[in-house]
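Student: Dropping a structure here in structure tokens format, bear with me for questions.
The values are calculated or read from the model by the stated rules, or taken from the named source; none is laboratory data. Predicted, not measured: the structure shown is a model, and the values here were computed from it. Counting neighbours? That spans all protein chains shown, and the Cβs are built from the backbone with ideal geometry, glycine included.
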Amino acid sequence: MYHKTELKNGVRIVSKRLAHVRSVSLGIWVNTGSRDESPSENGVSHFIEHMSFKGTRNRTGLDIAKDLDAVGGLSNAFTGKENTCFYGRVLGKHFVRLADILSDIVLNPTFDPVDLEREREVIFQEIGMMEDTPDDHVHVLFSGQCWANHPIGRSVLGTGETVAALSKESLLSYMERFYSPDRILVAAAGDIDHQKMVSYFTPIFENAKQRPESCERTPPVSEGGVTLQYKKLEQVHMCVGGKAASQVDEGRFACAILNTILGGNMSSRLFQEIREKQGLAYSVYSFLSSYADTGVLGVYAATDARQLNPALRIIQREVQKLCDGELNETDLTGAQEHIIGGIYLASESTDNQMMRLARNEFAFGRYISHQELVRKIESISMDEVVEAANRIFREGDITFTALGPINDGDLDRDCLAYG
């Protein structure tokens with residue numbers, strides 16, 4: 001059973017009781033992320049997330065860890081391009097304890113200067129780890145090329161330079177602007193009573209005041225283009241793709257099916273052609289990343305530098321087949337069932353249920369049932385999938401990024417001609 005309550009100042013509380021489980025997943029979400037940062041602030045949202053666990057006015061960092069361990073719970077946090085989430089999962093009887101810890105973390109961080117300098121070094125290590133992991137790094141480079149002149153294209157982690165310049169005042173200033181009541185959402189799924197949840201959180205959040213300034217997001221424009229970054233690696237890691245549907249665009253369902261058929265599972269066209277038949281790559285897949293007002297569908301592969309152009313030609317060929325309508329009912333229904341299976345399997349996790357509640361609230365302002373979602377997936381036609389392929393892979397709109405032992409002369413740019 002789904003419930004929603006909105007406090008007078010705009011804080012939203014949503015929950016879904018799941019009668020068959022004994023645990024509850026709770027998340028306190030803030031509708032802000034790296035896309036809201038100025039160039040000099042890049043990485044500040046992520047820095048705040050880290051520092052929130054290092055101590056509050058009521059707990060030291062060690063106290064936070066001990067309190068969470070004492071209830072046998074699992075807790076974590078993440079920062080994305082559009083949201084920050086502090087969450088945990090415990091037995092239902094420990095819900096109030098978890099709620100107390102998470103609300104303390106979100107509302108009362110102290111940003112102790114000693115801890116701040118120590119955590120800055122940790123984030124430097126995190127950035128270094130990302131840069132040493134080429135299959136992660138190439139996605140960061142890909143976003144930076146795709147949305148070159150917009151903050152959504154920047155890394156959530158920030159850069160060494162921006163993180164080095166962030167101060168306690170930077171973190172406090174950002175929170176003052178973006179951790180406002182209308183951006184805060186409390187979501188829970190599992191063994192939870194909604195009214196008890198509202199009774200607990202209302203006195204905590206009801207006195208939070210709206211910020212005087214409105215921080216509106218500007219929609220990004222996909223730039224396209226090519227980025228090649230030479231690095232001495234065993235393989236070339238590459239991404240190629242184009243602009244796709246946003247989180248709220250009706251075309252997102254056709255994009256999801258297209259993604260599945262193209263490279264979303266082991267029977268997909270790219271997995272079969274590039275890995276199984278040609279042996280050109282161990283890792284190859286397509287991906288769909290959607291945000292509030294934009295999205296991208298792309299293909300990732302890692303291959304020997306000598307095999308980059310052959311792999312790109314296969315991607316080009318398989319995409320063109322879909323654009324030309326080489327698709328049958330078996331392809332469509334197989335992709336639909338794959339997606340539907342994933343939806344229902346994920347629903348057995350309280351964490352996934354909680355996260356769906358939050359993301360649907362931010363995107364649509366309402367609850368969307370699994371059944372409604374499945375009906376949308378089942379209603380998509382082959383023509384809509386073909387239309388999505390042609391809309392995404394248009395001539396002049398393609399973004400390509402490669403990281404590894406490659407120079408400009410090694411790339412056959414005819415392999416990037418789509419449409």
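Student: Could you grab me the full set of residues in the stretch 197-234 that are surrounded by 12 or more Cβ atoms within 10 Å (Cβ to Cβ) and without any contact (Cβ under 8 Å) to a residue 40 or more places away in the chain?
Tutor: If the condition is that a residue be surrounded by 12 or more Cβ atoms within 10 Å (Cβ to Cβ) and without any contact (Cβ under 8 Å) to a residue 40 or more places away in the chain, then ARG211 is the only one that fits.
Student: For the stretch 164-194, which positions are in a helix (DSSP H, G or I) and either hydroxyl-bearing (Ser, Thr, Tyr) or in contact (Cβ under 8 Å) with a residue 60 or more places away in the chain (or both)?
Tutor: To start, the set of residues in the stretch 164-194 that are in a helix (DSSP H, G or I) comprises 164-165, 168-178, 181-183, 194.
Listed by number, the residues that qualify are ALA165, SER170, LEU171, LEU172, SER173, TYR174, MET175, PHE178, PRO181, ASP182, ARG183, HIS194.
Student: Continuing with this model, one more query. If a residue must be assigned to a helix (DSSP H, G or I) and closer than 30 Å to HIS3 by Cβ, how many such residues does the stretch 367-419 contain? Don't jump to the end; show me each part of the working.
Tutor: From the stretch 367-419, those assigned to a helix (DSSP H, G or I) are 370-378, 382-392, 408-410, 413-416; that's our starting set.
Among the residues that remain, those that are also closer than 30 Å to HIS3 by Cβ are: 370-378.
Counting residues in the stretch 367-419 that are assigned to a helix (DSSP H, G or I) and closer than 30 Å to HIS3 by Cβ gives 9.
Student: With the condition kept exactly as written, say whether any residue in the stretch 235-251 is hydroxyl-bearing (Ser, Thr, Tyr) and buried (at least 17 other Cβ atoms within 10 Å of the Cβ). Break it down stepwise before answering.
Tutor: To start, the set of residues in the stretch 235-251 that are hydroxyl-bearing (Ser, Thr, Tyr) comprises 246.
Filter again for buried (at least 17 other Cβ atoms within 10 Å of the Cβ), leaving 246.
Among the residues of the stretch 235-251, at least one is hydroxyl-bearing (Ser, Thr, Tyr) and buried (at least 17 other Cβ atoms within 10 Å of the Cβ), which makes the answer yes.
Student: Is it the case, given these coordinates, that GLY10 is over 19 Å from PHE111 (Cα atoms) and surrounded by fewer than 21 Cβ atoms within 10 Å (Cβ to Cβ)? Outline the logic, then answer.
Tutor: Values: over 19 Å from PHE111 (Cα atoms): yes; surrounded by fewer than 21 Cβ atoms within 10 Å (Cβ to Cβ): yes.
When the stated conditions are applied, GLY10 passes them.
Student: Related question: Between SER167, SER180, which is surrounded by fewer than 21 Cβ atoms within 10 Å (Cβ to Cβ), of a type in the set (S, T, N, Q), out of contact with any strand residue (DSSP E or B) (no Cβ under 7 Å at 6 or more places or on another chain) and within 25 Å of ASN108 (Cα to Cα)? Don't jump to the end; show me each part of the working.
Tutor: Working: SER180 fails: surrounded by fewer than 21 Cβ atoms within 10 Å (Cβ to Cβ).
After ruling out the rest, the residue left standing is SER167.
Student: Right, another one. Please enumerate the residues belonging to the stretch 141-163 that are within 17 Å of THR294 (Cβ to Cβ), of a type in the set (Val, Ile, Thr) and outside any loop (DSSP other than H, G, I, E, B).
Tutor: Within the stretch 141-163, ILE152 is the sole residue that qualifies.
Student: Tell me which of these ALA148 doesn't satisfy, since it passes every other one: (1) at pLDDT 95 or above; (2) in the same structural domain as THR32 (by TED's automatic domain parsing).
Tutor: The failed condition is (1).
Student: Would you check if ALA402 is surrounded by 12 or more Cβ atoms within 10 Å (Cβ to Cβ) and within 30 Å of ASP132 (Cβ to Cβ)?
Tutor: Working: surrounded by 12 or more Cβ atoms within 10 Å (Cβ to Cβ): yes; within 30 Å of ASP132 (Cβ to Cβ): yes.
Here the answer is yes, as ALA402 does meet what is asked.
Student: Now, a different point. Identify the residue in the stretch 223-251 that is small (Gly, Ala, Ser) and either over 26 Å from VAL30 (Cα atoms) or outside any loop (DSSP other than H, G, I, E, B) (or both) and, among all such residues, is farthest from the chain's Cα centre (by Cα). Explain how you work it out, then say what you get.
Tutor: Here is the first cut: in the stretch 223-251, the ones small (Gly, Ala, Ser) are 224-225, 241-242, 244-246, 251.
Of the ones still in play, those that are also either over 26 Å from VAL30 (Cα atoms) or outside any loop (DSSP other than H, G, I, E, B) (or both) are 224-225, 241-242, 251.
Details: GLY224: 21, GLY225: 23, GLY241: 17, GLY242: 17, GLY251: 19 Å.
Going through the qualifying residues, I end up with GLY225.
Student: Could you give every pair whose Cβ atoms fall below 9 Å, whose first residue belongs to the stretch 404-419 and is touching a residue at least 60 places away in the same chain (Cβ under 8 Å), and whose second residue is assigned to a loop (DSSP other than H, G, I, E, B) and aliphatic (A, V, I, L, M), counting only separations of at least 6 or pairs across chains?
Tutor: GLY404/LEU233; PRO405/LEU233; LEU416/ILE398; ALA417/ILE398; TYR418/ILE398; GLY419/ILE398
Student: Just to verify a result, which residue in the stretch 74-102, among those that are within 19 Å of THR350 (Cβ to Cβ) and small (Gly, Ala, Ser), is surrounded by the fewest Cβ atoms within 10 Å (Cβ to Cβ)?
Tutor: Checked the stretch 74-102; the qualifying residue surrounded by the fewest Cβ atoms within 10 Å (Cβ to Cβ) is GLY92.
Student: With the checklist (1) assigned to a helix (DSSP H, G or I); (2) touching a helix residue (DSSP H, G or I) at 6+ places or on another chain (Cβ under 7 Å); (3) free of Cβ contacts under 8 Å to residues at least 40 places away in the same chain; (4) of a type outside the set (Gly, Ala, Ser) in hand, flag the one item GLU337 doesn't pass.
Tutor: Just one mismatch for GLU337, condition (2).
Student: With the structure loaded, tell me whether GLU326 is closer than 16 Å to GLU387 by Cα, surrounded by fewer than 16 Cβ atoms within 10 Å (Cβ to Cβ), without any contact (Cβ under 8 Å) to a residue 12 or more places away in the chain and of a type in the set (Asp, Glu) or whether it fails that test. Steps first, answer last, please.
Tutor: Numbers: closer than 16 Å to GLU387 by Cα: yes; surrounded by fewer than 16 Cβ atoms within 10 Å (Cβ to Cβ): yes; without any contact (Cβ under 8 Å) to a residue 12 or more places away in the chain: yes; of a type in the set (Asp, Glu): yes.
For GLU326, the condition - closer than 16 Å to GLU387 by Cα, surrounded by fewer than 16 Cβ atoms within 10 Å (Cβ to Cβ), without any contact (Cβ under 8 Å) to a residue 12 or more places away in the chain and of a type in the set (Asp, Glu) - is met.
Student: Touching a helix residue (DSSP H, G or I) at 6+ places or on another chain (Cβ under 9 Å), in a helix (DSSP H, G or I), more than 15 Å from ARG391 (Cβ to Cβ) and hydrophobic (A, V, I, L, M, F, W, C): which single residue out of ALA292, ALA301, ALA254, ALA311 fits that description?
Tutor: The conditions single out ALA311.
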